[in-house]
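Trainee: Could you have a look at this structure, given as C-alpha cells, before my questions?
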Amino acid sequence: MPLSEAKQRLKEGDVVAIPTETVYGLAADIENEKGIKRVFEVKERPFFDPLIVHVDSIEKAKSLTTDWTEIHAALALKCWPGPLTLIAPKIHTLNPLITSGLTDVGLRCPRHQLTLELLKDFHGLAAPSANKFGKTSPTSAEHVRAEFGDSVLILDGGPCDVGIESTVAAVTRAGSRWKLVVYRPGFYTAATLHDILEDQGLPTETGYAESPVAPGQLEHHYMPSIPVIVGEKIPQEEVIESSQKKLKKTFSKIAHLELGNDPVLEARMFYQQLRDLSPGHDAILVMVNEKQRKDENWRALMNRLYKAASFRA
Ligand code: TXA
Ligand code: MG
C-alpha cells in the first residue's frame, strides 16, 4: 500500500515525494530531524532557504504559530485546502532547520486527496518542491522520477492541477491596521486576496514585495536543462526579426514556446512544456506581450518565466 509505506518511511526519517495541487513536494515529518536534514541533502538545497509546513487542517496550522490573526483565519477559511501559504510566527518548539532560523513559518493546507489523507497521521510535513535546488519544479510523478530516480519514494497522485507554486503571503501590522504582503505570486493574486478579506469585513492594504528575510526569492530559479530566453513582443516587427537573427547566431536549435490567452491554463502546462522542449533543442524562446507582462493575472507565470530565463532577447 503506497500510502501506508509512505507514512512508515516518513516516520522513520526518510523523505517521500507527495502530490499537491501546485507542484510535487519532497516531504519530511516536522517532528523528525533526520528527515528534515535529508530534504536539504536530497534537494542539494542551502540551509538558508526555509521550508513550507503542510497541514491538513486550520487547527493544526494554528497549533504551529503563536499569532494566528483574523487575517490568517479569514484567508485560510476561504482558500484552504488550496494554493496559498501563510507566513506566521512559529512556536518555539518547531525545529529551526525548517524555518532556516527565522522566527516565522510558512503554513499551507494543500488541495490533494492523497496528501490530505497522509497528513492525518502527522502534525505537519515540511516540503519544498521536489526538484534539485534552482531547477524546474515537478508537476507529475514522472518529473520527480526523472530528477531523483528510484532513491525517493513517490506517492503518485497524477498531474498537478495548478502547475506553479503557491502564493506566499505574510500578515503585518501597519499601526492599528493590517497589511498583507505577497512575497511570491501564485494562483491567488493580491487583488483576489484583498477581495476575499473585504468580503469578510476586513478591508486590508495588500501588495507585493520581495521577502526581506527569505532568500528563496533568488533571481534565478525554476531553470530547465537548457537556457530559456524571454523575448518581449514589441510592435515593430523589424526589431523582433533582428533580435531573432542574433539569437540564431548563438543557438542552432531554438524551440518556441507559445503562450495562449488563459494564464491559468498556461501555468498548469508551463513546467511540463519546459521539460518537453528541452531534448533536441539548445534554447527555448518564449515571446511575451505587453498584457502578459503587465496584467496581474499573468504575474505568477511571468515571475516563474523571468526567473527561469537565462537572458532576454
Ligand atoms: O506550492 C508550493 O508552495 C510548493 C508545494 C510543494 O507545497 N512548495 C514550494 O516550496 O514551492 P519551495 O521550498 O520550493 O518554496 C518555498 C518558499 C521559500 O523559498 C521561501 O521563499 C518561502 O516559500 N518561505 C517559506 N517559509 C518562509 C518564511 N518563514 N518566511 C518567508 N518566506 C518563506
Ligand atoms: Mg522550489
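Trainee: Limited to the stretch 122-177, what total is found for residues that are within 21 Å of Trp80 (Cα to Cα) and either within 11 Å of ligand 1 (Cβ to nearest atom) or open to solvent by 20 Å² or more (accessible area, probe 1.4 Å) (or both)?
Mentor: 23
Trainee: What strands (runs of 3 or more DSSP E) completely inside the stretch 13-59 contain at least 1 residues that are open to solvent by 30 Å² or more (accessible area, probe 1.4 Å) and at pLDDT 95 or above?
Mentor: Strands (runs of 3 or more DSSP E) meeting the threshold: 52-54.
Trainee: From the set of residues in the stretch 257-280 that are open to solvent by 40 Å² or more (accessible area, probe 1.4 Å) and not in a helix (DSSP H, G or I), which is nearest to Gly186 (Cα to Cα)?
Mentor: The extreme case among them is Asp262.
Trainee: If you take the residues in the stretch 67-84 that are among the aliphatic types (A, V, I, L, M) and in contact with a Gly (Cβ under 9 Å, 6 or more places away or on another chain), which one is farthest from Gly163 (Cα to Cα)?
Mentor: Ala74
Trainee: Right, here's the next one. What is the one condition in (1) in a loop (DSSP other than H, G, I, E, B); (2) in contact with a strand residue (DSSP E or B) (Cβ under 7 Å, 6 or more places away or on another chain); (3) farther than 28 Å from Leu274 by Cα; (4) not basic (Lys, Arg) that Val105 does not satisfy?
Mentor: Unmet for Val105, out of (1) in a loop (DSSP other than H, G, I, E, B); (2) in contact with a strand residue (DSSP E or B) (Cβ under 7 Å, 6 or more places away or on another chain); (3) farther than 28 Å from Leu274 by Cα; (4) not basic (Lys, Arg): (1).
Trainee: Considering the stretch 108-139 alone, what residues qualify as being of a type in the set (S, T, N, Q) and either part of a helix (DSSP H, G or I) or over 14 Å from the mean Cα position of the chain (by Cα) (or both)?
Mentor: Result: Gln113, Thr115.
The values are calculated or read from the model by the stated rules, or taken from the named source; none is laboratory data. Quantities reported herein were computed from a predicted structural model and do not represent experimental measurements. Ideal geometry is used to build each Cβ from the backbone, glycine not excepted, and the neighbour counts take in all protein chains shown. Heads up: the accessible areas ignore ligands, DNA and RNA and are worked out on the full protein's heavy atoms, side chains in. Shrake-Rupley method; radii C 1.70, N 1.55, O 1.52, S 1.80 Å.
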